[in-house]
Amino acid sequence: MPETKPVLMQGNEACAVGAIAAGVRFYAGYPITPSTEVAEQMAAKLPEIGGVFIQMEDEIASMAAVIGASIGGMRTLTATSGPGFSLKQENLGYAIMAEIPCVVVNVQRMGPSTGVPTAPAQGDVMQARWGTHGDHPIIVFTPASVYESYYLTIAAVNLSQKLRQPVIVLLDEVIGHMREKVTIPEGKLMVEKSSDKVPSDWKPYDEKGLTPLVPFGFGHYYHVTGLFHDQYGFPTGDPPQVERALDRLHEKLEKYRDEIVLTNYIGHKEPRVAIVTYGCTVRSARSVVKKAYWQNRLPVGLLSLQTVWPFPAKEIEALAKQADVIIVPEMNRGQLVGEVERYACGEAKVVPLNRYDGEMINPDQISEEVGRWL
Amino acid sequence: MEQLTQDFLRTKKLPHIWCPGCGNGIVTAALVRAIERTGYDQKDVVIVSGIGCSSRAAGYLNFNTLHTTHGRALAFATGLKMARPELKLFVIMGDGDCSAIGGNHFIHSARRNIDLNAIIVNNHIYGMTGGQHSPLTPTGKKATTAPRGTLERPFDLLELARGAGATFGAKGNAAQPRQLEQLIIRAANHKGFSVIEALSPCPIAYGRRNKLGGAVDMLRDMKEKSISVERAANMDEEELEDRTINGVLYSIDAPEFAEAYYHSIGKDIG
Amino acid sequence: MAQAKKKSINADLVINRTWCKGCGICIAFCPKEALFMDHSGKAEKDMEKCTTCGVCETFCPDFAIALVNRRLSINAGDKTGPDAG
């Protein structure tokens, strides 16, 4: 195992450092609070290692540029926040349809609209799922620490390459801007290489299953388009092919579900009251469970979600069979709580706990709610 | 006499979807002949296109082809060029695709002077969506969204590009395909952001609605109105009234963005 | 009328009738009026008049007319492309 060295690092920086560790050598972005530090880190680091940093004219162009570079064979990253995330949606949908790997970091701030640019929030959760139009699949990770920002970005880059699927790393302003001690392994990480040696009968969109993306310039004259397409990428509107192609996009994620859906449980093995949350709110919830369970042995537990999409349905179903009450604290007016309720199927009472004034949900709020149900 | 090589066409995808007499095929054929004349290796050529009638050309050309989103072809192409500077990129866009929704990427690609060949097929209309006016529709001309004729003045696309920093600007048309082919070769050989505006007839949406006759009439009219840069030089405002000046309008040397970037990180690609 | 331009003997004009959409542009711009519209609305050639100058090929919007030498067949096709699919 490579030797580890502790370092004080900011969340946004951890995304940049993680991306580079996972082989990203191309960044295109546009300044926007609270994600600009990712761009600044990449602007400083990529040129040192022969990589490409480019500041584009807007977020739409940034998203287009990372897709273009990915088709050129580079691993790519872009970062933004709410307003920019809204602008990137159309091209994000293009990357999903054309199955071009890329990673988008979205550092959530208080919205809607200009909102409170420097204040944390978790109001883009549904946008991360349904921001672009149509029945598209998406992977969305939600780090709850600087350490997780580093590792989930690495996971995002590698999964994106492996499944030829855009991945969103959804931070919030707290995780993006906070600094904490992180242990970063020295030396190269095992990075999956996208090969350019491919069988002669290679097809860019092979019916039989996933094939690596052979970059442009290697003499495989395939076509890439946002239109529904056949195995060589040429447009088709033929209904059975269209339906088959859309199912194929979703099946990619279903096949690797357990590798994609990451969650973590701490606390009592048979909780009567459970907390389900993600992002910076996990930090408040964890301190509540430490006190309630580790200290006072109360039947309380916390299921933190490192992946919010695809939604961890199995994990919620199991938890609901166990706990009587599931509390879902979120820094929005209630977004993921609907999904939790849906998969709890009435097995447990689902209680939303919402704060949306631009401040974090603090532990007392959560412990007060937990006390109500114990 | 250059024979249109079938190797660069995806013959199994033909006949194409364009209307009879549409100029897209003429411009596309000129592009294919030009690419062949440049002698580029087939695997190094990439056709990038936006959304609209002319942008469907990418699907018919036997290279690596990238059919992007409306207005964003140049931004996709910028990413690809920066990742693979050795590739030769031809970016086909319609007049609306490039100068309306794509305007911001057009002026910034010019400002960067990145080595892309932007070929704008100007048929003065949004054809794919059935005939709406575009930023290049001449004032007073009719469209489905300007039933009484447009009120706005069209861009002078090449001056817009020059003002934004493009270092090569040329104008050709479908009625002079041989000259258009030469202009595309000149653009390809130019290092930097090259803009070619290729006038093209849209008989079905633009021609019919504005009573300009069929494809043949529109092409004849295009040819009559066409005047070379040289001859136009010694003609006054009034004589140039409704003429279109064809040829290379400007060719300037300036640092090319991809080359400058890679030089700045110690990797010369010139 | 004297043969203005020596016809290159090994060249031939090949019209792809499936691609031709009968737009009439080649007919209008042929300097020798060596092309006409046949009964089914496709371009047809008259090799008596044709001087194999190739103007029609550059004007055809359907890639449907090509000046080829007899040895090279019209359907060279895209051998390398995977678009066999």
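Below is a table of values for the structure above.
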{"read-out": "Neighbourhood charge, 15 Å Cβ-Cβ cut-off, centred on A:His133 and excluding it, Lys, Arg +1 and Asp, Glu -1", "value": "0"}
{"read-out": "Stokes-Einstein D for the protein assembly as shown, Kirkwood Rh over Cα pairs, 10 °C, 1.306 mPa s (µm²/s)", "value": "57 µm²/s"}
{"read-out": "Distant-in-sequence amide H partners of A:Val350 (H built 1.01 Å from N, under 5 Å)", "value": "A:Ile326"}
{"read-out": "Gyration tensor verdict on the stretch A:74-166 (Cα atoms; rounded if a/c is under 1.5, prolate if a/b is larger than b/c, oblate otherwise)", "value": "oblate"}
{"read-out": "Gyration tensor (alpha-carbon) shape descriptor, the stretch B:99-215, a/c threshold 1.5", "value": "oblate"}
{"read-out": "Taking C:Trp19, A:Trp202, B:Trp18 and counting other C-beta atoms within 10 Å, the order from fewest to most", "value": "A:Trp202, C:Trp19, B:Trp18"}
{"read-out": "Total charge dipole magnitude, the protein assembly as shown, about the Cα centre, Cβ charges on Lys, Arg, Asp, Glu only, Debye to nearest 20", "value": "1060 debye"}
{"read-out": "Karplus-derived 3J(HN,Hα), 6.51/-1.76/1.60, for each residue of the stretch A:314-331, Hz, glycine and proline x", "value": "4, 5, 5, 4, 5, 4, 5, 5, 8, 8, 7, 10, 10, 9, 10, x, 9, 8"}
{"read-out": "Separation between Cα centres of the stretch B:89-135 and the stretch A:91-113, rounded to whole Å", "value": "25 Å"}
{"read-out": "Label-zone membership for the stretch A:203-234, site B:Lys43, 7 angstrom Cα→C-beta point, backbone N under 17 Å", "value": "A:203-204, A:213-223"}
{"read-out": "Of A:Val198, A:Gly51, A:Ala22, farthest towards positive along the dipole that unit charges on Lys, Arg, Asp, Glu beta carbons give chain A", "value": "A:Ala22"}
{"read-out": "Formal net charge of residues neighbouring A:Leu262 (Cβ-Cβ distance under 14 Å; K, R +1; D, E -1)", "value": "-2"}
{"read-out": "Taking A:His177, C:His39, B:His16 and counting other C-beta atoms within 10 Å, the order from fewest to most", "value": "C:His39, A:His177, B:His16"}
{"read-out": "Residue with peak Gaussian network fluctuation, chain A [Cα springs, cutoff 10 Å], from A:Leu77, A:Leu319, A:Leu246", "value": "A:Leu246"}
{"read-out": "Diffusion coefficient, µm² s⁻¹, Stokes-Einstein with Kirkwood Rh over alpha-carbon pairs of the stretch A:1-260 at 25 °C and 0.890 mPa s", "value": "132 µm²/s"}
{"read-out": "For B:Thr68, distant residues with modelled amide H under 5 Å away", "value": "B:Ser49, B:Gly50"}
{"read-out": "Residue of A:Gly93, A:Gly23, A:Gly226 that the Gaussian network model of chain A assigns the largest fluctuation, springs spanning Cα pairs under 10 Å", "value": "A:Gly226"}
{"read-out": "Computed Rg/Rh of the stretch A:1-143, alpha carbon atoms with Kirkwood Rh", "value": "0.96"}
{"read-out": "Relative pair counts by distance (%), Cα atoms of the stretch C:11-74, 5 Å bins", "value": "4, 21, 33, 27, 13, 2"}
{"read-out": "Between the stretch A:296-349 and the stretch B:153-215, the Cα center-to-center distance that results, in Å", "value": "59 Å"}
{"read-out": "Order by protection proxy (mean Cβ within 10 Å, highest first), peptides B:116-124, A:151-159", "value": "B:116-124, A:151-159"}
{"read-out": "Hits among aspartates and glutamates - C-alpha to C-alpha of B:Lys142 under 20 Å, sequence gap 8 or more where chains match", "value": "B:Asp95, B:Asp97, B:Glu152, B:Asp156, B:Asp217, B:Asp221, B:Asp242"}
{"read-out": "Volume of the Cα convex hull of the stretch B:12-79, divided per residue and given in Å³", "value": "93 Å³"}
{"read-out": "Environment charge at B:Lys191 (Cβ cut-off 10 Å; Lys +1, Arg +1, Asp -1, Glu -1)", "value": "-4"}
{"read-out": "Residues B:Asp236, B:Asp95, C:Asp12, C:Asp62 arranged by fewest to most Cβ contacts within 10 Å", "value": "B:Asp236, C:Asp12, C:Asp62, B:Asp95"}
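Read-outs: derived from the displayed coordinates by stated rules, not from any lab. What you see is a predicted model; the values in this text were computed from it and never measured. We place every Cβ from the backbone using ideal geometry, glycine too, and count neighbours over all the protein chains shown.
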